[in-house]
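The values are calculated or read from the model by the stated rules, or taken from the named source; none is laboratory data. Just so it is clear, the model here is predicted, and its values are computed rather than measured. Virtual Cβ from ideal backbone geometry, glycine too; neighbours counted across all protein chains shown. The accessibility values were calculated without ligands, DNA or RNA, using every heavy atom of the protein model including side chains. Shrake-Rupley method; radii C 1.70, N 1.55, O 1.52, S 1.80 Å.
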Amino acid sequence: MATSVNSSTSTLSSLSAKTGMAGLVSGLDTESLVESLTSSSRSKIAKQQQSVQRLEWKQTAYRNVSKALKEFQTKYLDTLSTTNFRSAALFNTIKATTASDKISVESTSSASAGSIKITNVTQLATNQTVSSGVSASKPLTGTGINETELLNSITPDESKSFLLKLDGKVRTITLDSSFVTAAQDGAVGFEAAFQQKIDDAFGKKTNGDSVVDVSYDGSSIGFSASGSQLTISALDSGTLSQLGFIDGQTDRLSTTKTLADLSSSLKTSLAGSEFKFAINGKEFNFSSTDTLSSVISKVNASDAGVTMAYSSITDKFTLTAKESGAGNNVVVSESSGNMMTAFGLTDAVSNTVDGVNAELEVNGVAIVRTSNNIEVDGVKIQLNELTATDEVLTVSMSADTTSLKDTIKSFVTDYNNMLDLMNGLIKEKASAEYPPLTDDQKEDMSEKEIEAWETKAKVGLLQGDSALKTITSKMQSMIYGSAVSGGISLFNMGITSSGYTDNGKLKIDEEKLDIALETKGTEIRELFTTENTGLANQLNSIINNAAKTSGVKGTRGSLIELAGYESTLSNTENSITESIADTNKNITKLKATLKTQETYYWNKFSALETALQQLNSQSSMITSFGTSS
């Protein structure tokens, strides 16, 4: 039984307007009298506060249901889930296997038991590529070098130095008096002396070749390194100019630079400031202010059907067809400017490697495909390698219902748990003996007593709730009535109701389920996945109608409109939150009224105390007159 706590008689213990004398003359318990006279207002405030508490508890209960619905939806009805009952792939009970690494196999929902023989894979499909015929960048070369002037400027007291960077590795190259001696030695010469300085800085390959090669023709000097980027930088004010270089000069393109800035680095400079071209009929328009990376990104993101790339290793551009197979899959044309020509990607300057088709035999029949990914009798096959003469690759397809059966059992268990949660809340009986506690009542109770009381007070908050009953009713009607035209129902799968007393929960006859999975795989797939009428699609719609959090207010699920959901806009945009706000406003008004009442009564009792004090004074005076006479 409940204790003496009762919402109808509970009061606020602290008075809000204590003023005046508290019965000092009259001997009255003024505080108790004022509290009694304002008990009606206090009771109204307490009831409103209890109402807020009930609303908060109901909101939490609704949100717990929404969470359970959404978790079920995420696990069994979401397109990203591996156990998505709306996907035909889930119901694929035929598993394809092969012992060979030369192919990869995967069964689809249309596969059937049996085997596939693959032989004579004589050619794999490739993609057509168009690439620059030569490197795109100018070589790292200094022009206008005056050998005599350079050598004469180097003394034992003054050397010449610059920085040379190889793929991020920076070395200081110093031209000193030893360099001059070697350069002026007829047996060595200027070029060999320079090569020795570079070799000292970067070393040599294991075969004895230089890592960085030096070239010199009497008026210009150049540096090159196969597959690597070289950048020359100044270390003093005059050395680079004497060698004919500019500070930061490099032999590769930077994709972050604009086309205008890249023009001087290209072997074929860009002409004009506007560049228009087409790839496979898709037109592009760029200006000199666009960066190289933006050009590449825009081409790759388009429907031109190619992948564009620039390699700093080869210093070449490539266009690779996204579709494999024979045929002219990369067609480039220019209508304004010469960007694609400068990049080496037009017919006159490019190298084209045509794509080819895959050629093989399947079950003794020769076939040709444009892709290495083919499908045969419901089995996806990826060709990885060519086969040897007389080599046979076998693909075996056999039924395996174990995984699907386990998933269906899990589905039924979680469905039943979801129904249990909602039906439990609907059928719980509330007790009027356990209303929400007020703050005053909690002050006289321990934490354990409060917890025990509130556990009982929360029971039955959603007893007979129409919103939950609507959801459970729709779910049960859908489960029992769902069947694809000409197909089967859950009953034919061995899934039936466990009885009226279990409120629509399901039970499984595993023997019947095994038979159905082995003999009616296509019908089961259709039962769940058929658009609009499929059981999984209908169930997804019911859950969306109840727990959808997206969209604007008025378009969300019924439970979300009612109670909201954390971390979404509906957290504050819902009926219960609005009711709580309205009730709190009413509480504020009632507290203001209470304060006014308290002030009124305190003033009246203060006036009484004052009057009594005056009467006492007069009485004392009269008594003193009588005594003196």
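With all protein chains present, how much of the accessible area of the chain (probe radius 1.4 Å) comes from carbon and sulfur, to the nearest whole percent? Can you show the working numbers first?
Details: 15470 of 32190 Å².
After summing per-atom areas, the C and S share lands at 48 percent.
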Subject >> Cβ-derived FRET efficiency at R0 22 Å, Ile367 paired with Thr394, nearest 0.05 >> reply: 0.80
Original post:
In debye to the nearest 20, how big a dipole does region 62-162 give about its Cα centre with +1 on each Lys and Arg Cβ and -1 on each Asp and Glu Cβ?
Top reply: 1160
Subject >> Dipole moment magnitude, nearest 20 debye, region 341-451 about Cα centre, only Lys, Arg, Asp, Glu C-beta charged >> reply: 500
Original post:
Which distance in nm do the two modelled labels at Trp57 and Ser567 give, with both placed 7 Å along the Cα-to-Cβ direction?
Top reply: 2.7
Original post:
Using a simple spin-label model with points 7 Å from Cα along the Cα→Cβ vector, what separation in nm is obtained for Met478 and Phe491?
Top reply: 2.1
Original post:
What is the gain in length, in nm to one decimal, between Ser32 and Thr155 on full extension, counting 0.36 nm per residue of separation less the C-alpha to C-alpha distance?
Top reply: 33.3 nm
Original post:
Among the aspartates and glutamates, which have Cα under 12 Å from the Cα of Lys204 when same-chain residues fewer than 8 positions away are ignored?
Top reply: Asp213
Subject >> Alpha-carbon centroid distance for the pair region 209-251 / region 444-514, whole angstrom >> reply: 80
Original post:
Taking a spot 7 Å from the Cα of Met445 along the direction of its beta carbon, which residues of region 29-67 have an amide N less than 17 Å from it?
Top reply: 46-58
Subject >> Accessible area (Å², per residue) of the chain, counting only protein heavy atoms and a probe of 1.4 Å >> reply: 51
Subject >> Gyration tensor verdict on region 296-356 (Cα atoms; rounded if a/c is under 1.5, prolate if a/b is larger than b/c, oblate otherwise) >> reply: rounded
Subject >> Given charges at Cβ of Lys, Arg, Asp, Glu: region 398-527 dipole, positive-most of Leu461, Ser398, Phe411 >> reply: Ser398
**OP:** Excluding residues on the same chain fewer than 8 positions from Lys316, give the lysines whose Cα lies under 20 Å from its Cα.
**Re:** Lys138, Lys257, Lys267, Lys298
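Length gain on complete extension for the stretch Ala326 to Leu80, per 0.36 nm per residue less the alpha carbon to alpha carbon distance? Don't skip to the end; give the middle numbers.
On the way: separation 246, 0.36 × 246 = 88.56 nm, distance 3.52 nm.
Extra length available between Ala326 and Leu80 comes to 85.0 nm.
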Subject >> Selected from Leu539, Val331, Thr30, residue furthest toward positive end of dipole (the chain; charges at beta carbon) >> reply: Thr30
Subject >> Violating pairs (Cα-Cα greater than 31 angstrom) within the set Lys427/Lys595; Lys448/Lys474; Lys58/Lys448; Lys409/Lys448; Lys47/Lys429 >> reply: Lys427/Lys595; Lys448/Lys474; Lys409/Lys448
Subject >> region 550-622-region 105-171 distance, computed between alpha-carbon centres (Å) >> reply: 78
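Between Thr352 and Ser241, what FRET efficiency comes out of the Förster formula 1/(1 + (r/R0)^6) with R0 = 51 Å and r the beta carbon distance, rounded to 0.05? Numbers along the way, then the final one.
Values: r = 42 Å, r/R0 = 0.83.
That pair, Ser241 with Thr352, gives E of 0.75.
Fully extended, how many nm does the chain gain between Gln463 and Lys204 (0.36 nm per residue separation, minus their Cα-Cα distance)?
Numbers: separation 259, 0.36 × 259 = 93.24 nm, distance 8.60 nm.
Extending this stretch completely gives an extra 84.6 nm.
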Subject >> Estimated inter-spin distance, Lys117 and Asp101, nm [label 7 Å along Cα→Cβ] >> reply: 2.6
**OP:** Run down the aspartates and glutamates and flag those whose C-alpha is under 12 Å from the C-alpha of Lys67, throwing out any fewer than 8 positions away in its chain.
**Re:** Glu566
**OP:** Project the alpha carbons of the chain onto their principal axes and report the range along each, largest first, in whole Å.
**Re:** 152, 90, 48
Original post:
In region 380-395, which residues have a backbone nitrogen under 12 Å from the label point lying 7 Å from Thr108's Cα in the Cα-to-Cβ direction?
Top reply: 380-381
Subject >> Accessible area of Arg525 in the full protein assembly, 1.4 Å probe (Å², nearest 10) >> reply: 40
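Using unit Cβ charges (K, R positive; D, E negative) and no other charged atoms, how large, in debye to the nearest 20, is the dipole of the chain about its Cα centre?
Rounded to the nearest 20 debye, it is 2780 debye.
For Ser302 and Lys429, what is the calculated FRET efficiency with R₀ set at 56 Å and r taken between the beta-carbons, to the nearest 0.05? Mind dumping the intermediate values first?
On the way: r = 65 Å, r/R0 = 1.17.
So the FRET efficiency works out to roughly 0.30.
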